[in-house]
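*Asks:* Below are the structure tokens for one structure; questions will follow.
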Amino acid sequence: MSQAATAIPEKLFFKIGEVCDIAGVQAHVLRYWETEFPMLAPQKNRAGQRTYRRRDVEMALRIKELLYDEQYTIAGAKKKLAGELRGPSREGGQSGAAKTPARSLQRPPSLAARLNPAPNPASSLAPVATPTDDQRTQLIQIAKQLREILDLLDEGEADITSTQARRK
């Protein structure tokens, strides 16, 4: 069963039972994978229950695919996932990266660093470059995307708060 064939519902958070149904594995298997794969790390709520996000569900599906379909060992799957998270492999192919979008674990450079490359000590008195129209357009698009992300996070917090209020 490939990750693309498995439909993940459009939700912010999933309980362990829901992830089990989506991935087709039992809860003890997911809990074991959490101990073996540091990239599968669902948060726990105040009651100690695991709350999986979409990326955690995608990671669980990828781990299952590597272990069950591609017959990797735990150690082999760890290496494969670590390579995918770092980016395309050196062999020239993107075998795993094509299935799961690779995410960098490094912090992206700041906007200021992207707009103003590292200063050259020989030209420390050089004027600061102003962004071009194209760069400004890109910055505006990034700002819009960040606002959308913040709105989604606010909605998720509101859902959590209302759920917690109902439980009290």
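The values are calculated or read from the model by the stated rules, or taken from the named source; none is laboratory data. All values derive from a computational prediction rather than experimental measurement. Here the Cβ positions follow ideal geometry from the backbone for every residue, glycine too, while neighbour counts run over all protein chains shown. SASA here: full protein model, heavy atoms, side chains in, ligands and nucleic acids out. Shrake-Rupley method; radii C 1.70, N 1.55, O 1.52, S 1.80 Å.
*Asks:* What are the pairs, 6+ residues apart or on separate chains, where a residue within region 124-140 that is at pLDDT 75 or above has its Cβ under 6 Å from a residue that is open to solvent by less than 100 Å² (accessible area, probe 1.4 Å)?
*Replies:* PRO131/LEU115
*Asks:* Touching a residue at least 60 places away in the same chain (Cβ under 8 Å) and within 24 Å of LEU152 (Cα to Cα) - does that describe any residue in region 12-27?
*Replies:* Checking region 12-27: at least one residue is touching a residue at least 60 places away in the same chain (Cβ under 8 Å) and within 24 Å of LEU152 (Cα to Cα).
*Asks:* Now, a different point. For region 8-58, which residues satisfy the criterion of being assigned to a loop (DSSP other than H, G, I, E, B), within 21 Å of GLU84 (Cα to Cα) and open to solvent by 80 Å² or more (accessible area, probe 1.4 Å)?
*Replies:* PRO38
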